[in-house]
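Shown next, in structure tokens, is the structure this report addresses.
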Amino acid sequence: MKSVQIIIISFVLLLTACHHPKYTASPEKIVGQLRVGFDVDDTILFSRDNFLKALSLSDDSGHLDYGWINMHDSVYSVLIDPVAELIGFLRAHGHEVYFITARPGTNGEAVGRYLSKELGFPIVKGQNLFFSPKEKDKDSGYKYTTKHELITKLGLHIFYGDSDNDMVAASVAGIRGVRVVRDARSIEDYSPNYFGDIKADSTAGSPYSEAEYKMFLIEGVGPYGETIFPIRFISK
Ligand SMILES: [Mg+2]
């Protein structure tokens with residue numbers, strides 16, 4: 001009987017020794033600690049080239065294969081340094097950082113691995129990295145961001161993002177949205193959903209020209225009343 005107990009205890013000790021705790025974000029709010037959210041594309045990652053390559057190189061040529069895109073940030077995406085520095089600043093002061101992207105989550109673990117390597121702390125799908133694609137309401141027909149649901153669930157206080165949808169999600173969740181200025185190369189390729197669409201002909205749905213967009217930047221306030229994070233460049 002005693003030998004059975006020794007075997008069980010030894011087995012438990014072995015399991016304990018082999019156990020590497022996964023990263024877990026604080027489950028409960030800590031007084032004084034901020035919980036800050038970041039979008040991924042054009043916020044922490046300049047990923048335009050990854051999306052452009054996906055159109056020609058993935059098996060699903062001509063379509064955006066997000067399973068492929070999520071696997072190739074390490075090849076084609078780069079960090080946006082001023083945002084990486086902001087994340088380092090927040091973490092150095094003990095605050096929690098989360099990522100919420102509208103990409104579908106197929107192979108999303110690879111995005112976490114890449115961000116972990118680049119930012120130097122564990123970023124794990126489902127723990128501090130979340131995939132939250134847009135949905136379409138079958139009754140109203142509206143396609144809408146679902147990020148606000150995660151913002152509320154995670155108890156975030158501030159959300160940084162480049163797109164109009166990021167600002168809407170923050171507003172619907174009742175927190176401060178901060179607009180990260182989209183890189184000029186991304187504006188060239190993906191102008192929709194950015195101050196309406198500053199590259200489109202002036203219509204009621206996209207009234208802001210590039211000149212007016214620059215006025216927003218100078219004033220530091222966007223069309224939703226959001227603060228604008230003053231990025232003037234990105235480095236590779
Ligand atoms: Mg984005």
Return only the number of the condition from (1) of a type in the set (A, V, I, L, M); (2) more than 14 Å from the ligand (Cβ to nearest atom); (3) within 16 Å of the chain's Cα centre (by Cα) that Ala54 does not satisfy.
(3)
Restricting to segment 135-161, and then to whatever is open to solvent by 50 Å² or more (accessible area, probe 1.4 Å) and of a type in the set (D, E, K, R), can you tell me which residue is modelled with the lowest pLDDT?
Lys143
Before we move on, is Asp164 open to solvent by less than 40 Å² (accessible area, probe 1.4 Å) and out of contact with any helix residue (DSSP H, G or I) (no Cβ under 8 Å at 6 or more places or on another chain)?
yes
Residue satisfying condition, being under 23 Å from Gly108 (Cβ atoms) and either touching a Cys at 6+ places or on another chain (Cβ under 7 Å) or free of Cβ contacts under 8 Å to residues at least 24 places away in the same chain (or both), within set Glu219, Glu135:
Glu135
Inside segment 151-166, the number of residues satisfying the requirement of being away from the ligand (no atom under 11 Å from the Cβ) and either more than 17 Å from Pro133 (Cβ to Cβ) or not basic (Lys, Arg) (or both) is 8
Which fully enclosed helices (runs of 4 or more DSSP H) of segment 146-236 have 1 or more residues being within 17 Å of the chain's Cα centre (by Cα)?
147-154, 164-173, 184-189
Inspect segment 169-178 for any residue being of a type outside the set (Lys, Arg), touching a strand residue (DSSP E or B) at 6+ places or on another chain (Cβ under 6 Å) and under 25 Å from Ser77 (Cα atoms) and give the result as yes or no.
yes
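The values are calculated or read from the model by the stated rules, or taken from the named source; none is laboratory data. Keep in mind the model is a prediction, meaning the values are calculated, not measured. Here the Cβ is made from the backbone with ideal geometry for all residues, glycine too, and neighbour counts use every protein chain on show. Accessible surface areas use protein heavy atoms only, side chains included; no ligands, DNA or RNA. Shrake-Rupley method; radii C 1.70, N 1.55, O 1.52, S 1.80 Å.
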